[in-house]
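The values are calculated or read from the model by the stated rules, or taken from the named source; none is laboratory data. The shown structure was predicted, so the numbers you read here are calculated from the model rather than taken from an experiment. Methodologically, a virtual Cβ is constructed for each residue, glycine included, from the backbone with ideal geometry; neighbour enumeration extends over all protein chains shown. Side chains included, ligands, DNA and RNA excluded: accessible areas come from the protein's heavy atoms. Shrake-Rupley method; radii C 1.70, N 1.55, O 1.52, S 1.80 Å.
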Amino acid sequence: MNGPAAPEIALVGCPNSGKTSLFNALTGSRQKVANYAGVTVERKEGSFLTTSGRPVKILDLPGTYSLRGRSPDEIVTRDVVLGRLAGEEIPDAVVCVADATNLRLVLRLVMELKAVGRPMVLALNMMDVVERQGGRIDVERLSQELGIPVVSTVAIKRGGTAALLAVIDALPLHEDPPTEHGWREPSAAEIRAAHAEAARILHECAFHPGNEHLTRKLDAVLLHPVFGVVILLAVLFLMFQAVFSWAAPAMDLIKTGIEWAGVEVGGVLPEGLLKSLVVDGIFAGVGAVLVFLPQIVILFFFIILLEDFGYMARAAFLMDRLRPGTAAPGPPLIPLLPSFACPFPGIMAAGFMETRRDRIATIMVAPLMTCSARLPVYTLIIAAFIPDRRVLGGFGLQGLVMFGLFAAGILSALAVAFVLKKLIWREAPEPFIMELPDYKVPAPAHVALGLWIRAGAFLRKAGTVILALMILIWFLSTFPAPPEGATGPAIDWSIAGRIGHFLAPIFEPIGFNWQIVVALIPGMAAREVAVGVLGTVYALSATGDEVGQALQPVLAAAWSLPTALSFLVWYVFAPQCVSTLAVVRRETNSRFWPAMMFTYQFVLAYVAAFATFHIAGALLR
Amino acid sequence: MNETTLIYGIVLGAAVFLALRWMPTSLRSRIGLKSGAACASTKSACGSKGCDGCH
């Protein structure tokens, strides 16, 4: 017989209060990350044992300054606490986390949470920092003033949560939580009164010189209108370099390892369909995605490190300054930079954005950045069609075309983000308000745990959804097999080949022949796969890297220049990666946004390729 | 088991896995399924505190 289920506690606090550090300290790796239904707001749930060994579930809610709910994140927090979010339990108790070095804002939140009427504890996190800075908080007095238990915690130290665990043990959990609550949206006068009351309590209970001196000195440089921007760009440059350069050896290692494993496993299997599925479908397909793991780990290493240090909030402030006013065209830079390697890390990193608008805009434009999977295609077509000569005072024409393709991706990303914000979120953006946290030395254990969770999420996705997709794409490209004595490439007889022939008339206006259309279908597994498939459909006997070289003269003879240019432009914009759509589905927790992404990218690619084909044709006539 | 049967089994398994994974929550609860990605996002399909299976 099952015993009573574990009670559930909601962890609430202002942004940057150390809430997630406390959540990690309480739960360790016993946590699950998903999204709330229909919104791109992360849902983190975990479990832990109290001092007496009682199991308790805990929900890490998005940071908020009040229960008024001014953003999707804050609305989720408010609705969970009030017990009115569909599909979520009413929490048995609330633990409010406060950055002890910055109590002022949280006191007003505490007063609102008290009005809800659930059992509640205030956890003063980072008390070690307050003491180190010569500050003092009278915890007992604060508890009396607020009328709730108050405990000190140091989330980043072993045993730093002992007092909190003991207090949770004493809470009246599992007595039926009331379905009604006593909270209502405060009026302006009530907010002013709450501010005054918070100031009074703070004055009575806390003395905190803070590290304002150090913070002020650092901010004078890091938030400087000129030096701050220069430093931000330097940080972005370093991240960009790290994601590309530092990851390269590990990526090569993974790639070599997967290829070696494919050959070894393939060597054991007899020639036939099963070997083709394992080697060409599973190892080649999933391996093409797994190879990006080092880039994802490095990107998140920087993001978590900078966030823990207190710089991410300042980076957001500086970037808001860089795109002033309502006409802000640009999505945030940090998640978009790594999308030059692969949209995966960019889309996953979008979860760090403060507003849903920025998150969705970033996710939607990340695939327009020129990812590394496009490079083999660009290199092949440019080498085959663009003459290797100098123009405009010494610039290589081939390099200029490559630059143009990169620039087209960036400019179109900015334009799409602008249009999205104008068309879908027409209301004026809310003013950017953010409490800048004090600078802190990041805790290695917290950074390591964050990386472990992110890498695990990526590997789970590669091992489940992407593996299944790759099997299906292999099947479409392989079945049915050509009949005995058939001539021509085998893929021509497959379901993918037949779909290619069926769709060929749709792509004829943009200059594509049936061979290109057939290559696009398995190319949905990974963009660069199209090069190998073109080699197959043009019946080349070369394999591996030789395919590209052998293809160049064949394509140069078979395609016109307008077709080649149209194909390049198609690759800049087209939704040619089913894994990206799968990760968008997961991150947005919605079918609408991946469908929207596929549709707008397809229309954009078609229109741009159509224009390119016909303009180039007219100019060359 | 011959090779073709095995291949069809794997492909069918992959297709069913994706269909279940991406099935709308309403349809999922209608046919009595609880676990999976959609379940991680909501408890509405599986009731109250007694549910500890899929979150």
Original post:
Carbon and sulfur atoms: what percent of the 1.4 Å accessible area of the stretch A:386-530 do they account for?
Top reply: 71
**OP:** Take peptides A:260-270, A:459-469 and line them up by average Cβ neighbours within 10 Å, highest first, as a rough protection proxy.
**Re:** A:459-469, A:260-270
**OP:** Just need log10 I(q)/I(0) for the stretch A:443-517 at q = 0.16, 0.24 Å⁻¹, Debye formula, equal scatterers on the alpha-carbon atoms, no solvent, rounded to two decimals.
**Re:** -0.72, -1.01
**OP:** Compute the label zone of B:LEU12 within the stretch A:254-274: residues whose backbone N is under 19 Å from the point 7 Å along Cα-to-Cβ.
**Re:** A:273-274
Original post:
Using a basic spin-label model with each label point 7 Å from the Cα along Cα→Cβ, how many nm lie between A:ARG389 and A:PHE309?
Top reply: 4.9
Subject >> Value of Rg/Rh across the stretch A:63-115 [Cα atoms, Kirkwood radius] >> reply: 0.97
Original post:
Among the listed pairs A:LYS114/A:LYS421; A:LYS19/A:LYS255; A:LYS44/A:LYS114; A:LYS44/A:LYS421; A:LYS255/A:LYS440, which are separated by more than 30 Å between their Cα atoms?
Top reply: A:LYS114/A:LYS421; A:LYS19/A:LYS255; A:LYS255/A:LYS440
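Using a Förster distance of 41 Å, how high is the FRET efficiency between B:ASN2 and A:LYS255, based on the Cβ-Cβ distance and rounded to 0.05? Can you show the working numbers first?
On the way: r = 34 Å, r/R0 = 0.82.
Taking R0 as 41 Å, the efficiency between B:ASN2 and A:LYS255 is 0.75.
Please average, across the residues of B:10-18, the number of beta carbons from any other chain that are within 10 Å of each residue's own beta carbon, and give a whole number.
Numbers: counts 9, 10, 2, 2, 11, 4, 1, 7, 7.
Mean inter-chain Cβ contacts per residue within 10 Å come to 6.
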Original post:
Of all accessible surface on the stretch A:214-265 at a 1.4 Å probe, what whole percent is carbon and sulfur?
Top reply: 78
Original post:
Between A:ARG68 and A:GLN552, what is the spin-label point distance in nm, taking each point 7 Å from the Cα along the Cα→C-beta axis?
Top reply: 6.4
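So between A:TRP452 and A:ARG141, what do we pick up on full extension, going 0.36 nm a residue minus the alpha carbon distance? Mind showing how you got there, number by number?
Values: separation 311, 0.36 × 311 = 111.96 nm, distance 4.00 nm.
Result for the pair: 108.0 nm of gain on full extension.
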Subject >> Stokes-Einstein D (µm²/s) once Rh is taken as the Kirkwood radius of the stretch A:580-621 over alpha-carbon pairs, at 37 °C in 0.692 mPa s >> reply: 277
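Using only protein heavy atoms and a 1.4 Å probe, how much accessible area in total is buried between A and B, to the nearest 100 Å²?
Working: alone 28280 and 4430 Å², together 30120 Å².
So the total buried area for this chain pair works out to about 2600 Å².
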**OP:** Note every residue of the stretch A:254-296 with a reduction of at least 20 square angstrom in accessible area, all protein chains present versus the isolated chain, computed with a 1.4 Å probe, or write none.
**Re:** A:LEU273, A:LEU274, A:LEU277
Subject >> Distance (nanometres) between label positions extended 7 Å along Cα→Cβ at A:VAL221 and A:LEU503 >> reply: 5.4
Original post:
PRE reach from A:ALA486 (point 7 Å along Cα→Cβ): which of the stretch A:457-475 fall under 19 Å by backbone N?
Top reply: A:472-475
